[in-house]
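These notes are about the structure you will find just below.
The values are calculated or read from the model by the stated rules, or taken from the named source; none is laboratory data. Keep in mind it's a predicted model, so treat the numbers as computed, not measured. Backbone-built Cβ (ideal geometry, glycine too); neighbour counts: all protein chains shown. Surface areas here come from the heavy atoms of the whole protein model, side chains and all, with no ligands, DNA or RNA. Shrake-Rupley method; radii C 1.70, N 1.55, O 1.52, S 1.80 Å.
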Amino acid sequence: MTTLLDAGLFLSLTVAAPPAKAPSTPRLLVKLEGAVGTGQVRAIVENLGPHPVAVSVVPAFVLRPSGPDEAGWPALRAPVDLRTAGPLAKDGRAVLHLPPTQPQVIVVPLEPLYWDHYESALWPFRPLRRVALPGRYDLVLELEDPVSGFFWRSNPVPVVVRKTGTLHLEKAE
C-alpha cells in the first residue's frame, strides 16, 4: 500500500527530472547583395556552425514598405526555388545542404517571381506588377523552417517599385 509520503516522494522525483533536450537550430548567415538599378540580387546562405547541416526551409523574398508615403501598405512575399532562381512550386520546400563556412550563392531575378500579400492564405501566384504599388520598399530574403516556425532573415536592401511594375535596387544610405 502506498502512503501519502511515498506519493509525495514520487512526485518530487518526476518533477526534478531534467527537461528533454531541444533540437538545436543551425546558425545560418543570410545575406543579399545587388547592383544598383538591376532587378536581381545575389542571395548568399552560409552555415556558421562547425558541422554540415541539412535544413528544410521555405525561402521567400519579402518586400516591406519603407517610405513615409507607404505607411500602412501590406508587405509582399515571393517564395523562390533556390536551385532554379524561379518561383517555388506551390507549398514547396527547399532542403539546404550546407557544409561549414562555404557560402552558397544564387543570383535571382525578382520580377519573374510570383508575389502576393505576406499575410495571404493563398500561395503567391501573381506577377509583381499586379501586386505591388509604386513606392519604396526594403527587400529581405527569409528562410522559414516550417516545422519549428523559426526564421533566418537577410539584411534589408532598399528598392523602388516603379509605376511600370519594375523593381530597381537603390544605393544603401
Exercise. Would you mind working out the accessible area per residue for the chain, using a 1.4 Å probe, and quoting it in Å²?
Key: 61
Quiz item: Taking the range 35-119 on its own, what percent of its Cα-Cα pair distances exceed 19 Å?
Solution: 48
Practice problem: Work out from phi, with θ = phi - 60° and the Karplus expression 6.51 cos²θ - 1.76 cosθ + 1.60, the ³J(HN,Hα) of each residue of the range 52-58, listed in order in whole Hz, and give x for Gly and Pro. | Solution: x, 10, 10, 9, 8, 9, 10
Quiz item: residue 31: which aspartates and glutamates have alpha carbons under 12 Å from its alpha carbon, excluding same-chain residues fewer than 8 sequence positions away?
Solution: 46, 142
Self-check item: Relative contact order (%) - the chain, alpha-carbon pairs under 8 angstrom, separation at least six
Solution: 26
Practice problem: Wrap a convex hull around the Cα atoms of the chain, take a quarter of its surface area, and give that in square nanometres. | Solution: 15.4
Practice problem: Would you mind listing how long the range 87-173 runs along its three principal axes, going by Cα atoms, in whole Å with the largest first? | Solution: 41, 34, 20
Quiz item: How high is the FRET efficiency from residue 136 to residue 42, r the C-beta distance, R0 30 Å, rounded to 0.05?
Solution: 0.90
Exercise. Given the options 119, 142, 111, state which has the largest fluctuation in a GNM of the chain using a 10 Å cut-off (strictly under) for Cα springs.
Key: 119
Practice problem: Would you mind calculating the gained length between residue 35 and residue 171 on full extension (0.36 nm times residue separation, minus the Cα-Cα distance), in nm to one decimal? | Solution: 48.1 nm
Quiz item: Can you pull the percent of the chain's accessible area that's carbon plus sulfur, 1.4 Å probe, other chains left in place?
Solution: 59
Quiz item: To the nearest 10 degrees, how steep is helix 4-15 against the longest Cα principal axis of the chain, on a 0 to 90 scale?
Solution: 30
Quiz item: Near residue 163, which aspartates and glutamates are there with a Cα under 16 Å away, not counting those fewer than 8 places off in the same chain?
Solution: 69, 70, 111
Quiz item: Length gain on complete extension for the stretch residue 111 to residue 27, per 0.36 nm per residue less the alpha carbon to alpha carbon distance?
Solution: 27.3 nm
Self-check item: Förster-model FRET efficiency, 30 Å R0, residue 101 and residue 148, C-beta, rounded to 0.05
Solution: 0.80
Self-check item: Residues whose placed amide H lies under 5 Å from that of residue 80, excluding near-sequence neighbours
Solution: 60, 61, 88
Self-check item: Charge sum, other residues only, whose C-beta stays under 14 Å from residue 105's C-beta, Lys/Arg counted +1 and Asp/Glu -1
Solution: +1
